[in-house]
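Undergrad: I have a structure here, written as structure tokens, and I will follow up with some questions on it.
The values are calculated or read from the model by the stated rules, or taken from the named source; none is laboratory data. What you see is a predicted model, and the numbers here were worked out from it, not measured in a lab. Every residue, glycine as well, gets a Cβ built from its backbone with ideal geometry; the counts of neighbours run over all protein chains shown. Quick note on the areas: whole protein, heavy atoms, side chains included, nothing else; ligands and nucleic acids left out. Shrake-Rupley method; radii C 1.70, N 1.55, O 1.52, S 1.80 Å.
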Amino acid sequence: MSCITLKLVPSLRLTNNAQNSVGFRSSSCCFSNSSSSAVNLESLKLTPVSDHVRIRDLGHPINGVGSFSSLFRFEAGKSEPSRSVRARIGSDGAAGERVIVLVVGGGGREHALCYALQRSPTCDAVFCSPGNAGISNSGDATCVPDLDIFDSSAVISFCRKWGVGMVVVGPEAPLVSGLTNDLVKAGIPTFGPSSEAAELESSKNFMKNLCDKYGIPTAKYQTFSDPFAAKQYIEEQGAPIVIKADGLAAGKGVIVATTVEEAYEAVDSMLVKGVFGSAGTRVVIEEFLEGEEASFFALVDGENAIPLESAQDHKRVGDGDSGPNTGGMGAYSPAPILTKELQSFVMESIILPTVKGMAAEGRKFVGVLYAGLMIEKKSGLPKLIEYNVRFGDPECQVLMVRLESDLVQVLLAACRGELSGVTLNWSPGSAMVVVMASKGYPGSYEKGTVIQNLEDAEQSAPSVKIFHAGTALDTDGNFIATGGRVLGVTAQGRDLEEARNRAYLATENIIWPEGFYRRDIGWRALPQEVFVVKK
């Protein structure tokens with residue numbers, strides 16, 4: 001069989017000497033591949049050949065979880081000198097660079113990022129580590145489950161070997177551990193804050209002190225490590241009152257106590273019993289704010305910030321915002337409560353003072369600032385509840401399906417301190433995501449339960465995309481649940497009601513007896529009759 005040579009990226013040439021046909025995707029042709037044998041990354045036998053890479057085994061799943069056809073986009077043409085990126089005119093007419101991207105993480109947020117990045121006209125490939133079965137099965141990225149994302153040297157080695165031109169760090173833990181610091185020091189553009197800047201999320205006390213110093217509106221608070229002093233303060237303030245573990249507690253370190261006794265129990269659980277370990281050795285006790293919560297996101301390059309579209313999530317596990325807090329049971333975008341006037345207020349009074357304050361403290365922030373806000377009932381103005389230093393989950397899902405700008409170029413601009421003048425384009429209409437979780441979440445739940453009919457569900461209505469947060473494949477090739485929050489069923493529509501109808505239609509087509517979901521996502525923004533069950 002004669003040799004097939006296709007151009008992947010400027011530094012890669014694909015040469016096939018195999019006897020079977022090989023599958024490629026391009027804008028002009030498609031070849032099929034009937035082989036189902038799996039190979040891992042090492043078995044691809046990459047060897048430099050005159051500024052190119054020869055890949056001897058093609059068209060197969062990588063590590064059994066992704067196809068090589070999802071690894072690169074192929075373009076016919078002559079080979080070029082070895083480089084990881086090159087200038088190119090994008091679909092919007094602007095010059096861009098073609099890059100290979102590594103997304104760090106393996107949840108629903110990372111799936112949404114992979115989905116948006118692989119649609120970029122200047123993205124040659126997307127890796128995701130560790131990823132999950134749904135990410136790889138969808139073709140949105142090639143998953144690398146055996147790469148230790150907490151081993152910076154291993155990540156750097158992977159990036160150099162595969163010509164990765166940008167790393168996007170999804171979850172907070174690798175950020176707090178300093179992965180960005182090490183990658184940037186190695187000369188690899190990385191979207192995500194340094195460990196010093198990530199303290200905005202890893203220490204609520206640090207965030208509160210920053211608010212005090214730079215005049216950022218937030219709830220009144222005090223910080224304690226002594227349980228007796230903490231209880232005295234609670235007695236003085238009364239209930240309801242909010243008790244927060246100072247450090248990272250996987251989204252479970254916030255207790256809204258409706259009575260003084262509940263507040264005492266929360267203090268004892270953290271400071272005496274140590275239920276959150278080192279994250280709870282100090283607690284922040286703050287006033288209870290009455291109003292409506294909203295999420296506000298801004299991309300930051302160290303000195304400049306640009307807002308993303310508005311979104312609102314649902315933290316509590318049950319309908320009507322009842323039950324314990326979770327990592328998020330659904331979200332929608334845009335959020336009507338965040339008017340243009342409020343968004344301008346948030347930028348001027350919260351986001352920009354934070355960016356300037358962090359720079360003044362020698363902790364320049366590069367990444368996405370996720371401000372959890374309370375729009376106070378009595379004043380109608382927002383106060384900062386908390387900062388996350390990464391995209392929200394599930395808000396990221398609704399934002400990424402609506403984003404029309406080239407995400408690769410936007411994030412590269414942030415990495416390089418060049419966000420000034422960047423504008424973002426969004427699709428009209430609305431988007432909604434309904435989270436399907438394992439029964440028992442956020443408490444204990446069963447793992448390994450089988451989920452069926454996902455393909456049909458995704459095709460049940462227009463503009464539906466199912467993002468995977470906690471799935472794997474069993475030995476029979478079935479999707480199984482491996483986490484608490486498992487799927488994010490996302491849909492777009494001309495308005496929020498249409499997006500809701502599509503998302504719930506798809507959700508209802510998924511066969512998973514051991515799963516559950518809220519049936520009232522968007523209830524604050526939609527007429528109540530929408531949620532009446534029709535018999």
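Undergrad: Gain in length, Asp148 to Glu292, computed as 0.36 nm per residue apart minus the alpha-carbon separation, to one decimal in nm?
TA: 47.9 nm
Undergrad: Is segment 220-288 best put as rounded, prolate or oblate by its Cα gyration tensor, with a ≥ b ≥ c the root eigenvalues, rounded for a/c under 1.5, and otherwise prolate when a/b is larger than b/c, oblate when not?
TA: Here segment 220-288 falls in the prolate category.
Undergrad: Give me a comma-separated list of calculated 3J(HN,Hα) values for segment 103-111, in order, Karplus coefficients 6.51, -1.76, 1.60 applied at θ = phi - 60°, integers in Hz, x for any Gly or Pro.
TA: For segment 103-111, the Karplus curve yields 9, 9, x, x, x, x, 4, 5, 4 Hz.
Undergrad: When ligands, DNA and RNA are left out and all protein chains stay put, how many square angstrom of accessible area per residue does segment 313-467 have with a 1.4 Å probe?
TA: I get 38 Å² per residue for segment 313-467.
Undergrad: Would you grab the residues whose amide H sits under 5 Å from the one on Cys128? Only those 5+ places off in sequence or on another chain, please, with H modelled 1.01 Å from N.
TA: Val103, Thr142, Cys143, Val144
Undergrad: I've got another one for you. Arrange the peptides 383-390, 445-452 so that the one whose residues have, on average, the most other Cβ atoms within 10 Å appears first.
TA: Most protected by this proxy first, the peptides run 383-390, 445-452.
Undergrad: Now for a different question. Quick check: pseudo-label points 7 Å beyond the Cα along Cα→Cβ at Ser157 and Thr475, how many nm apart are they?
TA: Output for this residue pair reads 3.2 nm.
Undergrad: To the nearest 0.05, what FRET efficiency results for Glu418 and Ala186 with a Förster distance of 25 Å applied to their C-beta separation?
TA: Efficiency at R0 = 25 Å is approximately 0.75.
Undergrad: Roughly to the nearest percent, how much of the accessible area of segment 150-207 is carbon and sulfur, given a 1.4 Å probe?
TA: Within segment 150-207, the accessible surface is 52 percent carbon and sulfur.
Undergrad: Mind scanning Lys213/Lys356; Lys231/Lys383; Lys273/Lys447; Lys220/Lys273; Lys439/Lys465; Lys244/Lys273 and naming the pairs with a C-alpha gap bigger than 19 Å?
TA: Check vs 19 Å cut-off fails for Lys231/Lys383; Lys273/Lys447; Lys220/Lys273; Lys439/Lys465.
Undergrad: Taking the alpha-carbon distance from Lys204 and a cut-off under 13 Å, which aspartates and glutamates remain once sequence neighbours fewer than 8 residues away in the same chain are dropped?
TA: In chain and number order, the partners are Asp212, Asp246, Glu286, Glu386.
Undergrad: Show the residues, 5+ positions off or on another chain, whose built amide H is closer than 5 Å to the amide H of Glu293.
TA: For Glu293, the qualifying residues are Ile375.
Undergrad: If the only charges are +1 at each Lys and Arg Cβ and -1 at each Asp and Glu Cβ, what is the size of the charge dipole of segment 379-535 around the Cα centre, to the nearest 20 debye?
TA: It works out to roughly 480 debye.
Undergrad: While we're here: Ignoring ligands, DNA and RNA, what percent of the 1.4 Å accessible area of segment 220-288 is carbon and sulfur?
TA: Exposed carbon and sulfur together represent 51 percent of the surface.
Undergrad: Also: How much FRET efficiency would the formula 1/(1 + (r/R0)^6) give for Asp456 and Trp426, where r is the Cβ-Cβ distance and R0 is 22 Å, rounded to 0.05?
TA: So the FRET efficiency works out to roughly 0.15.
Undergrad: Oh, and also: Using amide H atoms built in the peptide plane, which far-off residues or other-chain residues are under 5 Å from Gly330 H to H?
TA: His314, Val435
Undergrad: Per residue of segment 407-412, in order, report the coupling 6.51 cos²θ - 1.76 cosθ + 1.60 (Karplus, θ = phi - 60°) as ³J(HN,Hα) in whole Hz, putting x for Gly and Pro.
TA: Each residue of segment 407-412 in turn: 4, 4, 5, 5, 5, 4 Hz.
Undergrad: Starting from the Cα-Cα distance between Arg524 and Glu341, subtract it from 0.36 nm times their residue separation and give me the gain in nm to one decimal.
TA: Length gained between Arg524 and Glu341: 63.9 nm.
Undergrad: Okay, moving on. Testing the spin-label approximation: label points 7 Å from Cα along Cα→Cβ at Lys273 and Glu361. State their distance in nm.
TA: According to this spin-label approximation, the distance is 3.2 nm.
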